[in-house]
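Everything below concerns the one structure shown next.
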Amino acid sequence: QYLKKQFPHAFFVAGGEHITALTEYVLKDCPELNCCVLGEGERTFLDVLETYAKGESLETVGGIAYNDSNGNYVLNDAQPRIRELDSIPWPKWPKGHLEKFWEAGKSFGVQVGRDMPINVSRGCPYRCTFCSNPTMWTTRYILRDVEDVINEIKSYIKKYDIDSLQFYDLTAIAKKRWAMEFSKRLKEEGIKLKWSLPSGTRSEVLDEEVLSSIQSVGCSYLVYAPESGSKKTLEKIKKRISLDNLTKSIVTAHKLGIVTRGNLIIGFPGETRREIFATILYGFKLAFLGVDEIPLNIYSAYPGSELFRDLQKEGKIKLSDSYFLGLTSLNSDFGKLNPMTMNENIGPRELAIYRLLAMLLNYSIGYITRPKRIWRTITNVFGRGSGAATVFEHRLKDSRRRKLDEASITSAEAGE
């Protein structure tokens, strides 16, 4: 709104997950926007730019939405997904941009140095009801060619001197053949980097052969996404996984020396205490089996997901700035006892207490049953290196760094 006042004749375009999920709301809430790009943006945004430059009507551009001259909402037909991902150029990073993140110790998962974000796929073939993927990317799952990925990695090593990779994919390893070929090519090229899958992946392909292969070429941190320990809840949210197979996979990864994490969620709409306790107990089981991190999050109603649409139809969600801010803070402050929740059976305070106690017990079990982790955490948090083994250690290191910076500023101000 501020920019529109400064540049009243500029053409404003928005895109991404939020825009795709709530397009009509966004255009009403922010009429300064001229056009919204839905879903995959590269081809669509180019079409928008070319059409606008020619002074032609946006009616011919697929995959966009806008308000016409009469203020009416217009939604054009969707663009087909880009099938040849290798035709998309690699990201261009401005000079000095990445260094700022590395110096500040920032990353999506666990920062272990000069880590580079990378994607090897788009979309996800699954239909979990709490996820916005089907709206944003559709369920068409497309993997990049292994050679293109290898060449991109080699270019980053040469240009940025990276020492690690973080795969931001929704489901990075869904095909065994691709994972084995990728591992083989890393080995053949002599590429020695640490790499991790911090987004939360499934276990169907991650058998002992694949896990041994990726561990041998640098995979050091692997996040699994069981989501729930209740079979009833898993059926409700359409998370079609076998907990037994996932448990077997995650234990195998741990035995191979890969730091593991298992993401769990409680408080889904309609979930009962029995189902929530099943998830909490499953978390304890993973902790005893050696899983390094078992965070317990309260369900977030993401715009664009099937569950979100159901809740909105039932009148349980009213869109506003406070709602969106509530989403962003829901699972960032684990001490908060009045979080925004969507479960009609259990109150926010009770869910928050379950979350806090379960998290404390999960980490306590890990440290008590494997006391070597205590020294590892102390070394990673208080040591001079940039590394950390878990997100928990990374956050502790961040907190310590902030306090040291604040103390340094206070001392400097007192000296002045």
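The values are calculated or read from the model by the stated rules, or taken from the named source; none is laboratory data. Keep in mind it's a predicted model, so treat the numbers as computed, not measured. Because the Cβ atoms are built from the backbone with ideal geometry, glycine has one as well, and the counts that use them run over all protein chains shown. Please note that ligands, DNA and RNA were not included when accessible areas were found on the heavy atoms of the full protein model with its side chains. Shrake-Rupley method; radii C 1.70, N 1.55, O 1.52, S 1.80 Å.
Residues within the reach of a label modelled at T272 (point 7 angstrom out along Cα to beta-carbon, backbone nitrogen below 20 Å), restricted to region 207-239, are 228-239. Assuming a ≥ b ≥ c are the square roots of the Cα gyration tensor eigenvalues, decide whether region 181-220 counts as rounded (a/c under 1.5), prolate (otherwise, with a/b larger than b/c) or oblate. Cα axes put region 181-220 in the oblate bin. The structure shown yields Cα extents along the principal axes in Å, and of the options (1) 72, 49, 42; (2) 59, 52, 46; (3) 67, 63, 55 that calculated value carries the label (3). In order along region 140-152, the Karplus-derived 3J(HN,Hα) couplings, from 6.51 cos²θ - 1.76 cosθ + 1.60 at θ = phi - 60°, round to 6, 9, 10, 9, 6, 5, 4, 5, 5, 5, 4, 5, 5 Hz, and Gly and Pro are given as x.
Are there GluC sites (Glu not before Pro) in region 68-118 that DSSP puts in a loop and that have at most 15 other Cβ atoms within 10 Å, and which ones?
Values: sites: E84, E99, E103; in loops: E84.
Those that pass, being in a loop and sparsely packed, are E84.
Taking label positions 7 Å along the Cα-Cβ direction at both A10 and F284, the computed distance is 5.6 nm, reported to one decimal. Within the chain, DSSP assigns beta bridges of which about 25% are antiparallel (rounded to the nearest 5). Other residues whose C-beta falls under 12 angstrom from the C-beta of V61 contribute a net charge of -3, scoring Lys and Arg +1 and Asp and Glu -1. In the full protein context, the chain carries 52 Å² of accessible surface per residue, based on a 1.4 Å probe and ignoring ligands, DNA and RNA. Report, in whole Å, the centroid distance computed from the Cα atoms of region 78-94 and region 13-56. Between the Cα centre of region 78-94 and that of region 13-56, the gap is 17 Å.
How many percent of DSSP beta bridges within region 1-160 run antiparallel, rounded to 5?
Numbers: 7 of 10 bridges.
That works out to approximately 70 percent antiparallel.
Pairs of Cα atoms nearer than 8 Å and 6+ residues apart set the relative contact order; for the chain it is 12 percent.
Heavy-atom surface analysis with a 1.4 Å probe gives region 265-412 a carbon and sulfur content of 62 percent of its accessible area. What you get for the chain, charging only the Cβ of Lys and Arg (+1) and of Asp and Glu (-1), is a dipole of about 1440 debye around the Cα centre.
Could you tally the net charge around G257, taking each other residue with its Cβ under 14 Å from the Cβ of G257, Lys/Arg +1 and Asp/Glu -1? Before the final figure, lay out each step's value.
Numbers: positive: K194, K255, R370, K372, R373, R376; negative: E208, D292.
Around G257, the charge tally is +4.
Sequentially through region 202-215, phi angles give Karplus couplings (6.51, -1.76, 1.60; θ = phi - 60°) of 8, 10, 3, 8, 7, 8, 4, 5, 5, 4, 4, 5, 6, 5 Hz, Gly and Pro residues having no value and appearing as x. Model label points for L356 and K92, set 7 angstrom from Cα along the Cα-to-Cβ axis, are 4.9 nm apart.
Across region 222-238, coupling constants 3J(HN,Hα) worked out from phi with the 6.51/-1.76/1.60 Karplus curve, θ = phi - 60°, read 9, 9, 9, 10, x, 6, 9, x, 9, 5, 5, 5, 4, 5, 4, 8, 6 Hz, and Gly and Pro carry x.
What's the carbon and sulfur percent of region 64-151's accessible surface, probe 1.4 angstrom, rounded to a whole number? Intermediate results must be reported in sequence, preceding the final value.
Working: 2480 of 4730 Å².
Carbon with sulfur: 52 percent of the solvent-accessible area.
The angle between the Cα long axis of helix 348-369 and the main principal axis of the chain comes to about 40°, on a 0 to 90 degree scale. Loop-located GluC sites (Glu not before Pro) across region 50-79 with a Cβ neighbour count of 11 or fewer within 10 Å are E56, with loop assigned by DSSP. Exposed loop positions in the chain were taken to be chymotrypsin sites (Phe, Trp or Tyr not before Pro) whose DSSP state is not H, G, I, E or B and which have at most 16 other beta-carbon atoms within 10 angstrom. Between these positions, the longest stretch is 169-333. Here is how the number arises for the chain: DSSP H runs of 4 or more residues each give -39500 (n - 2.57), the sum is divided by the residue count, and the result at 222 nm is -14000 deg cm²/dmol. Within the shell defined by Cβ-Cβ distances under 12 Å, the residues around E406 carry a net charge of +2, with Lys and Arg each +1 and Asp and Glu each -1. Scanning the chain for cysteines with no neighbouring cysteine C-beta under 4.7 angstrom from their C-beta gives C30, C35, C36, C124, C219.
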